[in-house]
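Below: the structure, in structure tokens.
The values are calculated or read from the model by the stated rules, or taken from the named source; none is laboratory data. Here the structure is a predicted model, which means the values were calculated and not measured. We place every Cβ from the backbone using ideal geometry, glycine too, and count neighbours over all the protein chains shown. Remember, those area values only see protein heavy atoms, side chains included, never the ligands or the DNA or RNA. Shrake-Rupley method; radii C 1.70, N 1.55, O 1.52, S 1.80 Å.
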Amino acid sequence: MQIDVLTLFPEIFQGPFSVGIFRRAVERNLVRLNIHNIRDYTDDKHHTVDDYSYGGGGGMVLKPEPIFEAVAAVTSTIKEAKVPVILLTPQGRLFNQQLAGELAAYPHLVLICGRYEGVAERVREHLASDEISIGDYVLGGGDLAAMVVIDVVVRLLPGVIGSAAATEEDSHTAGLLEYPQYTRPEVYRGWRVPKVLLSGNHAQIAQWRREQSILRTLKRRPELLGKASLSSVERRLVDEAGSSVDSA
Ligand code: ADE
């Protein structure tokens, strides 16, 4: 996958993507990240990227021209006819694991990071094919949001994480939170690892994990259970556990 990011602060993308899983993915040619400075696409002496909001108030707005120019320059080098051009904004559709899965299927993404008080409406209307928010709060700009999107999407690319199972069992992948994980020692400060995990019985372990996943989701994020695909036995488990939670 190739990801092109348009930002006013290219330097802040250096840190998170020069370590760990992402770095290895780049080294193995599974992902290519190109960071472009929107300011390089201005044509005035002062490299102006923002301007006043028509009608007054509202603070400064990112001008359309440099962003249109930058997207044109980036997409002119791309073979695919339809490349998602995504504007990061608190007004976008809410990012989640499922949306990350959809984005991971594209060979190419273009991400536009807003700053200042807003982005010219004509960028939304005539340039962006999608708008994404990473949560109901306002960041200083779209850069951190773009980094979150990139981090989540790249983990899902084939070959980036050792085994596909490692991401299949992640929290949110199946609409549930992940089960508890234990590692050595078997007893730490008197706290024991659940017996079933030491049993070597893979079917029992899988069933225990699944139940833990469901019960943990019920306790912490019950609203997720409505959409999760559960067997009738598992639904009963939820009902029983739910009524004991209610009466507790
Ligand atoms: N820019 C500012 N806040 C944002 C958010 N919550 N999501 C995406 N981009 C943003």
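Values as computed for the structure displayed
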{"quantity": "Any hit, the range 57-77, residues being over 13 Å from V123 (Cα atoms), touching a helix residue (DSSP H, G or I) at 6+ places or on another chain (Cβ under 8 Å), assigned by TED's automatic domain parsing to the domain that holds I150 and modelled with pLDDT of 95 or more", "calculated": "yes"}
{"quantity": "Evaluation of R93 against (1) charged (D, E, K, R); (2) surrounded by 12 or more Cβ atoms within 10 Å (Cβ to Cβ); (3) within 16 Å of the ligand (Cβ to nearest atom) (one fails), failing number", "calculated": "(2)"}
{"quantity": "Hits in the range 138-162 (condition: out of contact with any strand residue (DSSP E or B) (no Cβ under 7 Å at 6 or more places or on another chain), more than 18 Å from L6 (Cα to Cα) and open to solvent by 60 Å² or more (accessible area, probe 1.4 Å))", "calculated": "R155, P158, G162"}
{"quantity": "Residue under evaluation E131, criteria (1) more than 16 Å from the chain's Cα centre (by Cα); (2) of a type in the set (D, E, K, R); (3) within 12 Å of the ligand (Cβ to nearest atom), criterion not met", "calculated": "(1)"}
{"quantity": "Count - residues of the range 101-119 that are more than 12 Å from the ligand (Cβ to nearest atom) and crowded, with 21+ Cβ neighbours inside 10 Å", "calculated": "3"}
